[in-house]
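A short worksheet on the structure shown next.
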Amino acid sequence: MANRERFALHVNGQIHVVEAEPTRRLLDVLRADLGLTSVREGCGIGVCGACTVLMGGRPVSSCLLLVSQVHHQEIVTVEGLGGNGVLHPVQQAFIEHFAFQCAYCTPGFILSTVAMLEKEPDLDEQVLGEYLSGNLCRCGSYLHILKAVRTVARGRQHGFS
Amino acid sequence: MAIGRSVPVRDAEARVRGAVAYLADLRLPGMLTAKIVRSPFPHARIRHLDPRPALRIPGVVAILTAEDFNRPGAPRLFYGVDRKDQPVVARDRVRYVGEPVAAIAAETPEAAEEAAQAIEVEYEELPAVFDPLTAAKPEAPRVHEDCPGNVFLHTRLRHGDLEAGFAAADLIVEETYTTPPACHAALEPHGVIAQWADGRLTVWSATQAPFVVQETLAELFGLPREAVRVIVPPLGGGYGGKGYVRLEPLTAVLAWKVGGRPVRLILERSEEFVTLTRHAAWIRIRTGVRRDGTLTARQVEVYWGAGAYADITPRLLRSAGLVRVVGPYRIPAVHVDAYGVYTNLPPAGPFRGTMSFEGAWAYESHMDTIAHALGMDPLELRRRNLLRPGDRFCTGEVIEEAFFWECLEAAARHVGWDQPYEKGEGMRRRGRGLAVMMKSTLPRSRSECRLVLRADGVLELHTGTVEMGQGAHTALAQIAAAETEIPLERVQVIGPDTAQVPYDATTSASRATSMMGAAIREAAARLKEEMRRRAAPLLEVDPEELILQGAGVTLRGRPEVWIAWEEVLRRHGLEALEAHGVFETQGGLDPETGQGIASPHWHQGAGACEVEVDIETGKVRILRYCAAAYAGRVINPALATLQNEGNMVFGLGQALMEQIFFDQGQPLNANMSDYQIPSLRDLPEVLESVLLESPEGSIHGLGEMTLPPVAPAIANAIFDAVGVRIRDLPITPEKIWRALHGE
């Protein structure tokens, strides 16, 4: 393999040094090299949101990013949420509100929701639409996803982070 | 009681942690990457195919072409669940853009990709034909040499005296409706891993039909069934697209050529659009009606564009393709002619709401045209004609569970059908519409299961039902728990794995909960009987006096006498007690008359909506939609509601957005930017789900019932709003605008 370089990725609070061609997609690095299989390929062109990760707290499509673009960036995948066996409140709400069917899209939706809740103090329909219309659910669980998201948003107003 | 409760799906935590292992997450030692070389032409002779330049690329392990099938001991080239017309890879001739002509196994995806580019193929283009109606003309180019006119099957339904029926009518209405090919677009693409060891084949596949895959592969390689093992991980969506046999033959033969190493094929998104589509359908419907709204006769002629290979279409045409295009109405005379037609497009197959979607699009839009011609309320016209319990359908079947009216009435009520509303005057006009549908499930099929009660207190349910997001494993575990009275937490679901679980036909046609559920009930009854028989001597009573409860056996009327099942097993020196359950339905229609049994029970759903049409742009906004289904006995209300909402959202895409555009057979929008599916922003402003329950009723599947009404309900509402009748799906703003402007 020609042109392999070393890149330092901060993923889920850990530093990983990977050797890869600079044009390797972040999606492939996360899945194949780091074994983070919650990050999934759906469309490969940044439309469906199944490969969403957080970069510096922002939801991004990892199929559209090259490893050379994320050198020293903070990346979070669903594997990095919660901790010590405890689920993140968004994950908990997705279970309580039956917010998925096949769940292929679920990690992407959860990360978009986490980012939205951290960045946006007021969740009106406009904000919800902007953050969550970049994730597609072919099973059509949208109403339940919205219920889960609104429930966590209300909980946030009542005090938990 | 485990039934009727909204328990979360069994692996809910793994699902929100992203820890569910789909096919693409499986890793086997030494696994190779497969890549398909596909035809760029819709119809061509292969003049020359040379894989040698690709073999020199480092990392390329094997290349499969049609030549390999000439070797001694080679598998068969052709397969197909009904007629064996489809080659694993094309020999001599390609029949659609995207047809596999070769397949590569390589160490890395990069090497496979490079090899795919290096294989030299020369084609000589042939005349091609794309729409089913043109293809069915005698002078049309032949997709298959042995099938002049391209009609590979013509089935008929004949009920009553059609001529007399039309003679008795005051009005005869005839219209033509069409639906284009569409893509299932599961977010998880198709994927298969195949590996050979000691003459035995193991296949991991994202399939809805593990036993059909097993049977097909065994036949292809001339092996006994047991030599082929099919394992199915959870699916990231199916919707029919992963039904029957897809890429398993190609991957398995490529792995056979490789020798022992596992070979993995995962499709790229663009390949999904040429793997399986919805049928392109052309439907002419003609109905006779009396002035009071009584239907007197109906004649339906349907051309089902099957694409280049027959696949499942012949089977569908013998029942679904006839009975799903008539509508849930009492009509004294009905004739249906259904034609299965080859075209130079990718094969068509099952698609959530298969053939009911196309059928309802025609007959429910048509009902509103009739109502309008009669000056009658569309709800009233349907009320006068809908099948009621005890009525006879056009197949001769008496419909016992008939709740079409109740579904339709509930949906209508939720959108305030009998209330006046503002139709609007300026650029935005409002309208209301409704639709109802009737769908058969498989007429003849079998589901089996095994229950294993273990000494450690666990009840294993061995089942071939595929979990694809519908929550089937959860619902089936609930049925197993309820029927055995064993706590749900102790029920473990095992399968699908053909080496471990007994036979099941397929997970499709909304049959799993109903059919597998019935098999579980039978197995549970046997298990309880066996348990009582074993426990009786220990308690020195008759088996009839014992009941299975919780984690043990107790004496009827004397709860203080109790014995744990572990104890029963231990005292008999058993590690487990097993019971087998089988549920089988019989039926089928006479091929000449369409008379017989089309379905063990009928799926029933309706929808009603209020829409707003922007007459300047043709854009439609759904203000309110209500989807109502007859649900029989509900196992898990939350999962049932999810299915119902999913139908609506899926249907919305089919109604307003989705079509694979083919230009001379070339797909123009084979990506998810140009082929859009509904996002959260496309939802109706209000979406309501109604499940009509009947605790005494049978268990019904719910994965499709309210999908087919979506498109006609919306089209009917658009007609009500702006007086424009759209007859070709999808209902795009452009079509509405053109119709409004008289184009």
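Which of the residues belonging to the stretch B:10-23 are crowded, with 17+ Cβ neighbours inside 10 Å, in a loop (DSSP other than H, G, I, E, B) and at the interface with another protein chain (Cβ under 8 Å from one of its Cβ atoms)?
Matches in the stretch B:10-23: B:R17, B:G18, B:V20, B:Y22.
Name the residue, out of B:T593, B:T507, B:T498, B:T585, that is among the hydroxyl-bearing types (S, T, Y), surrounded by 19 or more Cβ atoms within 10 Å (Cβ to Cβ) and at pLDDT 95 or above.
B:T498
Check whether at least one residue in the stretch B:214-226 is within 21 Å of A:C139 (Cβ to Cβ) and of a type in the set (A, V, I, L, M, F, W, C), and report yes or no.
No; the residues of the stretch B:214-226 include none that is within 21 Å of A:C139 (Cβ to Cβ) and of a type in the set (A, V, I, L, M, F, W, C).
Answer yes if at least one residue in the stretch B:483-498 is in a helix (DSSP H, G or I), hydrophobic (A, V, I, L, M, F, W, C) and out of contact with any Leu (no Cβ under 9 Å at 6 or more places or on another chain), and no otherwise.
First, pick out the residues of the stretch B:483-498 that are in a helix (DSSP H, G or I): B:483-484, B:488-490.
Those left that are additionally hydrophobic (A, V, I, L, M, F, W, C): B:488.
From the residues that got through so far, the ones that are out of contact with any Leu (no Cβ under 9 Å at 6 or more places or on another chain) too are B:488.
Yes - at least one qualifying residue is present in the stretch B:483-498.
Examine the stretch B:24-35 for a residue that is out of contact with any Asp or Glu (no Cβ under 7 Å at 6 or more places or on another chain), within 14 Å of chain A (Cβ to nearest Cβ) and part of a helix (DSSP H, G or I), and state whether such a residue exists.
yes
Which of the residues spanning the stretch B:136-149 are out of contact with any Pro (no Cβ under 8 Å at 6 or more places or on another chain) and in contact (Cβ under 8 Å) with a residue 12 or more places away in the chain?
B:A136, B:K137, B:V143, B:H144, B:C147 - these are the residues of the stretch B:136-149 that are out of contact with any Pro (no Cβ under 8 Å at 6 or more places or on another chain) and in contact (Cβ under 8 Å) with a residue 12 or more places away in the chain.
Criterion first (out of contact with any helix residue (DSSP H, G or I) (no Cβ under 6 Å at 6 or more places or on another chain) and not basic (K, R)) does B:P496 satisfy it?
No: the conditions fail for B:P496.
Filter the stretch B:227-275 down to residues that are of a type in the set (S, T, N, Q) and farther than 29 Å from B:M705 by Cα and give me whichever is farthest from the other protein chains (Cβ to nearest Cβ).
Here the answer is B:T251.
Are there any pairs, at least 6 apart or on different chains, whose C-beta atoms fall under 6 Å, with the first in the stretch A:118-138 and among the small types (G, A, S) and the second in a loop (DSSP other than H, G, I, E, B), and if so, which?
The qualifying pairs are A:S133/B:S679; A:G134/A:G49.
Just checking, does the stretch B:58-71 include any residue being hydroxyl-bearing (S, T, Y) and either more than 28 Å from the chain's Cα centre (by Cα) or in a strand (DSSP E or B) (or both)?
yes
What are the residues in the stretch B:193-233 that are surrounded by 24 or more Cβ atoms within 10 Å (Cβ to Cβ) and free of Cβ contacts under 8 Å to residues at least 40 places away in the same chain, if any?
B:V213, B:L217 - these are the residues of the stretch B:193-233 that are surrounded by 24 or more Cβ atoms within 10 Å (Cβ to Cβ) and free of Cβ contacts under 8 Å to residues at least 40 places away in the same chain.
Select from the stretch B:709-730 the residues that are surrounded by fewer than 22 Cβ atoms within 10 Å (Cβ to Cβ) and among the small types (G, A, S) and list them in ascending order.
B:G723
Search the stretch B:332-352 for residues being under 15 Å from B:D131 (Cα atoms) and in a loop (DSSP other than H, G, I, E, B), and hand back the single one that is nearest to the chain's Cα centre (by Cα).
B:P347
Filter the stretch B:645-675 down to the residues that are surrounded by fewer than 19 Cβ atoms within 10 Å (Cβ to Cβ), assigned to a loop (DSSP other than H, G, I, E, B) and of a type outside the set (A, V, I, L, M, F, W, C) and list them by number.
B:Q664, B:N669, B:N671, B:S673, B:D674
Which strands (runs of 3 or more DSSP E) does the stretch B:199-277 wholly contain that include 3 or more residues that are touching a Phe, Trp or Tyr at 6+ places or on another chain (Cβ under 9 Å)?
Hits in the stretch B:199-277: B:228-231.
Kindly indicate the residue of the stretch A:19-74 that is polar (S, T, N, Q) and either over 26 Å from A:L132 (Cβ atoms) or surrounded by fewer than 21 Cβ atoms within 10 Å (Cβ to Cβ) (or both) and also nearest to the other protein chains (Cβ to nearest Cβ) among those meeting that condition.
Taking the candidates together, the pick is A:T23.
Quick one: B:T294 ticks every box in (1) closer than 20 Å to B:T354 by Cβ; (2) surrounded by fewer than 24 Cβ atoms within 10 Å (Cβ to Cβ) bar one, so which box is it?
(1)
Has the stretch B:403-423 got any residue that is touching a Phe, Trp or Tyr at 6+ places or on another chain (Cβ under 7 Å), closer than 18 Å to B:G605 by Cβ, in contact (Cβ under 8 Å) with a residue 24 or more places away in the chain and part of a loop (DSSP other than H, G, I, E, B)?
Among the residues of the stretch B:403-423, at least one is touching a Phe, Trp or Tyr at 6+ places or on another chain (Cβ under 7 Å), closer than 18 Å to B:G605 by Cβ, in contact (Cβ under 8 Å) with a residue 24 or more places away in the chain and part of a loop (DSSP other than H, G, I, E, B), which makes the answer yes.
For a quick check of your reading: which helices (runs of 4 or more DSSP H) sit entirely within the stretch B:85-168 and have at least 3 residues that are at pLDDT below 95 and out of contact with any helix residue (DSSP H, G or I) (no Cβ under 7 Å at 6 or more places or on another chain)?
Helices (runs of 4 or more DSSP H) meeting the threshold: none at all.
The rows are residues; the columns are (1) assigned by TED's automatic domain parsing to the domain that holds B:S698; (2) closer than 21 Å to B:H603 by Cβ; (3) in a loop (DSSP other than H, G, I, E, B); (4) over 18 Å from the mean Cα position of the chain (by Cα).
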position: B:Q470; (1), (2), (3), (4): no, yes, yes, no
position: B:H473; (1), (2), (3), (4): no, no, no, no
position: B:A480; (1), (2), (3), (4): no, no, no, yes
position: B:P502; (1), (2), (3), (4): no, no, yes, yes
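Which ones in the stretch B:676-689 are assigned to a loop (DSSP other than H, G, I, E, B), more than 8 Å from chain A (Cβ to nearest Cβ) and over 16 Å from A:A50 (Cβ atoms)?
Result: B:P684, B:E685.
Among the residues of the stretch B:657-680, which ones are farther than 30 Å from A:L143 by Cβ and over 24 Å from the mean Cα position of the chain (by Cα)?
B:D663, B:Q664, B:G665, B:Q666, B:L668
Which one of these is at pLDDT 90 or above and under 20 Å from B:P487 (Cβ atoms): B:A551, B:A535?
Only one candidate qualifies: B:A535.
If you scan the stretch A:92-147, which residues turn out to be buried (at least 24 other Cβ atoms within 10 Å of the Cβ), at the interface with chain B (Cβ under 7 Å from one of its Cβ atoms) and farther than 18 Å from B:L642 by Cβ?
If the condition is that a residue be buried (at least 24 other Cβ atoms within 10 Å of the Cβ), at the interface with chain B (Cβ under 7 Å from one of its Cβ atoms) and farther than 18 Å from B:L642 by Cβ, then A:P107 is the only one that fits.
Surrounded by fewer than 24 Cβ atoms within 10 Å (Cβ to Cβ) and of a type in the set (A, V, I, L, M): which single residue out of B:V258, B:V302, B:V325 fits that description?
Matching residue, one of B:V258, B:V302, B:V325: B:V258.
The values are calculated or read from the model by the stated rules, or taken from the named source; none is laboratory data. What you see is a predicted model; the values in this text were computed from it and never measured. All Cβ positions, glycine included, derive from the backbone under ideal geometry; neighbour counts span all protein chains shown.
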